[in-house]
Amino acid sequence: MEELKQKVIAALKTVYDPEIPVDIYELGLIYEISIYPVNNVFILMTLTSPSCPSAEHIPEEVKQKVKAIEGVQDVTVEITWDPPYSQEMMSEAAKLELGFL
């Protein structure tokens, strides 16, 4: 299961908010990745804001890229606004890329 989780993380690192040059994983938009029996994947995520222009596009791209991983049976992507997104959730690499460090 850990190997599959690493593949999911790698797939998430290929998804970008079109307005920000950092992937959604490094931005801190992914709150939870759970792998259930028979390789079903659950992803709990948020977006940078409720009015994000890519609110429909990003979760669908996440679902498609994770579903494309060999062996994955099903993918569920859930959006949450709790806790609200903040810049503190970014990785050090993301903060550096965006000039926050």
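Readers should treat all values here as calculations from the given coordinates under stated rules, not as data from a laboratory. No experiment lies behind these values; they were computed from the predicted model shown. Note that each Cβ is placed from the backbone with ideal geometry, even for glycine, and that neighbours are counted across all protein chains shown.
Compute the helix-to-body angle for 2-12: its Cα long axis versus the longest principal axis of the chain, expressed 0 to 90° and rounded to tens. So the inclination is approximately 50 degrees.
Indicate the gyration tensor shape class of the chain (rounded, prolate or oblate), computed on the Cα atoms with a ≥ b ≥ c the square roots of the eigenvalues: a/c under 1.5 is rounded; otherwise a/b larger than b/c is prolate and the rest oblate.
Prolate shape, in that a/c is at least 1.5 and a/b is the bigger ratio.
Within 10 Å of each candidate Cβ there may be at most 11 other Cβ atoms; applying that plus a DSSP loop requirement, which GluC sites (Glu not before Pro) in the range 1-95 survive? Of the GluC sites (Glu not before Pro), the ones in loops of the range 1-95 whose Cβ has at most 11 other Cβ atoms within 10 Å are E19, E56, E70. Positive contributions from Lys and Arg (+1) and negative ones from Asp and Glu (-1), summed over other residues with Cβ under 12 Å from the Cβ of K95, come out at -4. Straight-line cross-link partners of K63 among the aspartates and glutamates, defined as a Cα under 16 Å from its Cα and at least 8 positions apart when in the same chain: D17, D23, E32, D74, E78. Each of I43, I35 was scored by other Cβ atoms within 10 Å of its Cβ. Listed from fewest to most, they are I35, I43.
Give me the percent relative contact order of the range 2-97, please, defined on Cα pairs under 8 angstrom at least 6 residues apart.
RCO, the range 2-97: 32 percent.
Positive contributions from Lys and Arg (+1) and negative ones from Asp and Glu (-1), summed over other residues with Cβ under 9 Å from the Cβ of K13, come out at -2.
As a calculated quantity, the FRET efficiency between E92 and E56 at R0 = 22 Å, using C-beta atoms, amounts to about 0.15. The label point for W81 and the one for E3, both projected 7 Å from the Cα toward the Cβ, are 4.1 nm apart.
Local charge sum around I43 (other residues, Cβ-Cβ under 9 Å, Lys/Arg +1, Asp/Glu -1)? My count for the surroundings of I43 gives -1. Within the same chain, lysines fewer than 8 places from K67 are excluded, and of the rest, those with a Cα less than 27 Å from its Cα are K5, K7, K13. Give the calculated FRET efficiency between D74 and S49 to the nearest 0.05, with a Förster radius of 25 Å applied to their Cβ-Cβ distance. Using R0 = 25 Å, I get an efficiency of 0.30. Calculate how steeply helix 57-67 sits against the longest principal axis of the alpha-carbon atoms of the chain, using the helix alpha-carbon long axis, and give the answer as 0 to 90 degrees to the nearest 10. Tilt relative to the chain: about 30 degrees. Adding -39500 (n - 2.57) for every DSSP H run of four residues or longer, then dividing by how many residues the chain holds, sets the calculated 222 nm ellipticity at -8500 deg cm²/dmol.
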